[in-house]
Amino acid sequence: MAAVNSPRQVAVLGATGSIGASALDVIARHPGQMQASILAAGRDVDGLLKLCVRHRPRHAAIADPALYPALRDGLRDAGLPTGAHAGAEAIDALAASDDCDTVVAAIVGAAGLSSTLAAARAGKRLLLANKESLVLAGELLTREAARAGSEIIPIDSEHNAIFQCLRSRDASEGAGVRRIILTASGGPFRGRSRAELEAVTPAQAVAHPKWSMGPKISVDSATLMNKGLEVIEAHHLFNVPGERIDVLVHPQSLVHSLVEFIDGSTLAQLGLPDMRTTLAVGLGWPRRIESGVSGLDLLTQGRLDFEAPDLDAFPCLRMAWRAMEAGGTAPAVLNAANEVAVSSFLQGRIGFLSIPALVDHALSTLPCARADTLETLLAADAQARRITEDAIARLPNA
Ligand code: NAD
Ligand code: MG
């Protein structure tokens with residue numbers, strides 16, 4: 001951990017993405033208090049180089065090793081002293097290194113697991129946006145974080161809201177919580193029937209009405225799989241069983257989630273839908289710091305609506321509950337099949353309704369095994385990816 005008064009050293013993994021941009025925006029508002037010391041991205045070298053010029057980190061890493069020369073030469077040509085690194089193992093090592101005390105885990109998908117785990121094992125403050133790592137290996141990740149004294153601050157807006165609400169009670173009073181209520185915007189297709197979803201396009205699916213996010217999570221929001229992943233995420237983060245986690249559709253996305261306590265109190269966190277708020281909570285906690293997000297004017301907003309999710313039109317949410325109840329490797333299978341299906345949908349290879357069909361296929365086909373080790377989970381992930389790819393290859397239009 002950083003010594004008192006020395007600036008927070010932040011590794012932003014997934015720096016070129018939507019969460020990465022929000023994190024860097026907040027960090028840049030607090031020069032002297034924090035700095036981006038490590039930046040990592042998947043394949044976007046040009047985007048990463050631009051960020052290096054702007055934020056002057058000590059290290060920059062690109063996941064794809066083939067892009068190492070481009071990163072190294074680009075840093076040199078820009079006259080930057082930033083060290084160049086490549087490959088997933090280099091990102092893991094940087095996340096665990098002394099060059100950061102805080103890690104923003106904002107890589108998308110299961111690809112983010114190993115660096116998230118490395119940061120947790122090294123006892124870093126972990127600003128966890130990469131929900132897939134919790135879905136895939138929630139027990140392992142939370143156990144390792146607790147063992148190493150790594151403080152996990154959820155960045156997902158719902159979980160960040162719950163994190164804040166839970167700070168109002170005695171932490172030893174686990175039993176004080178009756179229910180967690182995750183809000184969901186309902187995505188771009190809220191109110192449509194299943195039949196009306198048949199022909200929706202990737203462009204329509206990624207056009208989220210309230211949040212500006214990367215393509216994968218945007219499609220997850222459109223299928224409601226995002227909320228399903230978040231139910232599993234909440235279960236691991238807050239140690240609450242699935243039957244005490246509810247989902248409430250709230251199209252305005254101003255109430256970010258609620259916690260009901262046994263005394264009848266319900267606390268909610270509200271704010272504009274801008275991820276810089278949750279990142280500022282993570283970066284500043286327990287202090288409140290400026291995020292660049294303005295306050296919420298409820299008079300201008302006018303109204304807050306709530307409705308039940310439509311599980312027939314959006315069966316992914318039900319499947320996530322099913323996978324969580326089954327436990328073991330089932331959530332890893334759900335997540336992997338979904339990643340493959342969403343990627344194929346974004347490439348125009350399959351239709352929107354094939355996403356739930358493929359996830360269902362993987363969950364029904366693969367046996368649910370106990371998940372004691374990381375190897376078991378990664379094997380289940382790989383197997384689910386394989387059978388989903390095979391199923392896609394057999395689809396008529398793929
Ligand atoms: P994004 O697609 O905008 O960005 C993804 C980032 O990950 C990019 O920087 C990309 O280069 C990097 N990346 C991809 N594959 C990589 C790999 N193999 N190794 C290293 N880096 C890799 O995605 P996003 O919307 O910023 O979402 C990131 C994560 O945060 C996801 O897990 C998402 O579910 C979660 N999240 C995002 C939001 C949001 O508002 N965007 C909200 C809640 C949670
Ligand atoms: Mg969320």
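The values are calculated or read from the model by the stated rules, or taken from the named source; none is laboratory data. Treat the numbers as computed from the prediction; the structure is a model and nothing was measured. Please note: Cβ atoms are built from the backbone with ideal geometry, for glycine as well, and neighbour counts cover all protein chains shown. For the accessible areas, the whole protein counts, side chains as well, though only heavy atoms, and no ligand, DNA or RNA atoms are used. Shrake-Rupley method; radii C 1.70, N 1.55, O 1.52, S 1.80 Å.
Residue check: is Ile152 within 16 Å of ligand 2 (Cβ to nearest atom) and touching a Phe, Trp or Tyr at 6+ places or on another chain (Cβ under 8 Å)?
So Ile152 does not fit the description; no.
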### Message
Given the criteria in contact (Cβ under 8 Å) with a residue 24 or more places away in the chain and either at positive phi or surrounded by fewer than 23 Cβ atoms within 10 Å (Cβ to Cβ) (or both), does Gly83 qualify?
### Response
yes
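Residues Asp156, Asp170: which one is acidic (Asp, Glu), without any contact (Cβ under 8 Å) to a residue 12 or more places away in the chain and open to solvent by 10 Å² or more (accessible area, probe 1.4 Å)?
Numbers: Asp156 fails: without any contact (Cβ under 8 Å) to a residue 12 or more places away in the chain.
It is Asp170.
Just to be sure, is Ala36 in contact (Cβ under 8 Å) with a residue 60 or more places away in the chain and either under 25 Å from Lys131 (Cβ atoms) or outside any helix (DSSP H, G or I) (or both)?
On the way: in contact (Cβ under 8 Å) with a residue 60 or more places away in the chain: no; either under 25 Å from Lys131 (Cβ atoms) or outside any helix (DSSP H, G or I) (or both): yes.
No: the conditions fail for Ala36.
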### Query
Looking at segment 64-80, which of the residues that are open to solvent by 40 Å² or more (accessible area, probe 1.4 Å) and outside any helix (DSSP H, G or I) is nearest to ligand 2 (Cβ to nearest atom)?
Ala78
#### Entry: Selection status of Arg288, free of Cβ contacts under 8 Å to residues at least 40 places away in the same chain, in a loop (DSSP other than H, G, I, E, B) and out of contact with any Ser or Thr (no Cβ under 9 Å at 6 or more places or on another chain)
yes
### Message
For segment 86-109, give me each residue that is buried (at least 24 other Cβ atoms within 10 Å of the Cβ) and part of a helix (DSSP H, G or I).
### Response
Ile91, Leu94, Ala95
### Task
Those residues that are closer than 20 Å to Lys210 by Cα and either open to solvent by 60 Å² or more (accessible area, probe 1.4 Å) or aliphatic (A, V, I, L, M) (or both), I need them from segment 314-341; list them, please.
Leu317
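For Leu299, indicate whether it is open to solvent by 30 Å² or more (accessible area, probe 1.4 Å), assigned to a helix (DSSP H, G or I) and without any contact (Cβ under 8 Å) to a residue 12 or more places away in the chain. Quick ask: steps written out before the conclusion?
Working: open to solvent by 30 Å² or more (accessible area, probe 1.4 Å): yes; assigned to a helix (DSSP H, G or I): yes; without any contact (Cβ under 8 Å) to a residue 12 or more places away in the chain: yes.
Taking the combined requirement at face value, the residue satisfies it.
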### Message
Being more than 14 Å from ligand 1 (Cβ to nearest atom), at pLDDT below 95 and open to solvent by less than 40 Å² (accessible area, probe 1.4 Å) narrows it down to one residue among Gly186, Gly242; which is it?
### Response
Gly242
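Kindly provide the set of residues from segment 2-14 that are touching a Gly at 6+ places or on another chain (Cβ under 8 Å) and on the phi < 0 side of the Ramachandran plot, ordered by number. Can you show your working first?
Here is the first cut: in segment 2-14, the residues touching a Gly at 6+ places or on another chain (Cβ under 8 Å) are 7, 12-14.
Those that are touching a Gly at 6+ places or on another chain (Cβ under 8 Å) and on the phi < 0 side of the Ramachandran plot: Pro7, Val12, Leu13.
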